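Take a look at the structure below.
The values are calculated or read from the model by the stated rules, or taken from the named source; none is laboratory data. None of the values given here were measured: they were computed from a predicted structure. Methodologically, a virtual Cβ is constructed for each residue, glycine included, from the backbone with ideal geometry; neighbour enumeration extends over all protein chains shown. In case anyone asks, the SASA skips ligands and DNA or RNA and just uses the protein heavy atoms, side chains included. Shrake-Rupley method; radii C 1.70, N 1.55, O 1.52, S 1.80 Å.
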Amino acid sequence: MMVYKQAETVKELEQILDLQQRNLIKNISQAESEKEGFVTVEHSLDVLKAMNDMCGHFIAVDEQEVVGYALCMHPKFADAIEVLRPMFHEIDKVLGGKDDYMVMGQICVAKGHRGQGVFRKLYQTMKKQLPNGFDQIITEVDAKNKRSLAAHKAVGFKPLTIYRSSEREWCVLILAR
């Protein structure tokens with residue numbers, strides 16, 4: 001039975017990192033990335049834990065195995081991951097310095113669990129359980145990741161801005177709580 005909750009243990013964080021490794025764009029073929037989607041950012045256990053201590057990451061667990069995750073990234077972590085700094089800069093430009101949002105730093109569902117509503121349920125759980133004062137969820141998606149863009153649109157995300165960084169085009173998306 002699938003359980004949706006916030007990560008609580010180092011073991012769960014390690015399982016997130018394992019799932020991340022299996023879906024990093026650098027670790028899969030171009031054909032697979034086009035068909036299945038991909039994740040871009042590689043986290044360290046230290047950063048993942050620090051982010052989790054601020055606001056627990058949302059996970060889908062099936063028989064004690066993390067099969068999906070949505071990472072919470074408080075704006076306080078704007079400088080923690082170099083590749084994400086431009087996103088925070090763009091958000092700040094558009095929102096004028098407001099920080100009533102939580103960044104969903106990455107979402108991923110294991111291949112064997114895709115198409116079963118895990119993605120949607122992770123976002124529903126995140127919306128319900130975000131700390132008070134956070135009225136919006138913001139994320140960015142590589143413009144080439146058509147599967148992810150379609151999935152985010154399907155759960156209600158709207159475009160906030162588009163920018164270029166590291167020779168890529170990024171779509172920043174927002175979901176009101």
Item to complete: Test residue 18 against the stated conditions and say whether it is of a type in the set (Asp, Glu), at pLDDT 95 or above and on the phi < 0 side of the Ramachandran plot.
Response: yes
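Counting just the residues of the range 135-150 that are part of a helix (DSSP H, G or I) and touching a residue at least 40 places away in the same chain (Cβ under 8 Å), which one comes out most open to solvent (accessible area, probe 1.4 Å)?
Step one: of the range 135-150, the residues part of a helix (DSSP H, G or I) are 146-150.
Among the residues that remain, those that are also touching a residue at least 40 places away in the same chain (Cβ under 8 Å) are: 146-148.
On the way: 146: 136, 147: 98, 148: 24 Å².
In this case the residue turns out to be 146.
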Practice prompt. Take the range 112-134 and flag every residue that is open to solvent by 80 Å² or more (accessible area, probe 1.4 Å) and more than 20 Å from residue 1 (Cβ to Cβ).
Written response: 132
Worksheet item: What do you reckon, is residue 144 in contact with a strand residue (DSSP E or B) (Cβ under 7 Å, 6 or more places away or on another chain), more than 24 Å from residue 48 (Cα to Cα) and of a type in the set (Lys, Arg)?
Response: no
Worksheet item: Quick one: is residue 173 open to solvent by less than 40 Å² (accessible area, probe 1.4 Å), touching a Leu at 6+ places or on another chain (Cβ under 7 Å) and under 27 Å from residue 5 (Cα atoms)?
Response: yes
Item to complete: Please enumerate the residues belonging to the range 76-91 that are charged (D, E, K, R) and either within 17 Å of residue 40 (Cβ to Cβ) or free of Cβ contacts under 8 Å to residues at least 12 places away in the same chain (or both).
Response: 79, 82, 85, 90
Worksheet item: For residue 162, which of the numbered conditions (1) surrounded by 14 or more Cβ atoms within 10 Å (Cβ to Cβ); (2) outside any loop (DSSP other than H, G, I, E, B); (3) touching a strand residue (DSSP E or B) at 6+ places or on another chain (Cβ under 6 Å) fails to hold?
Response: (1)
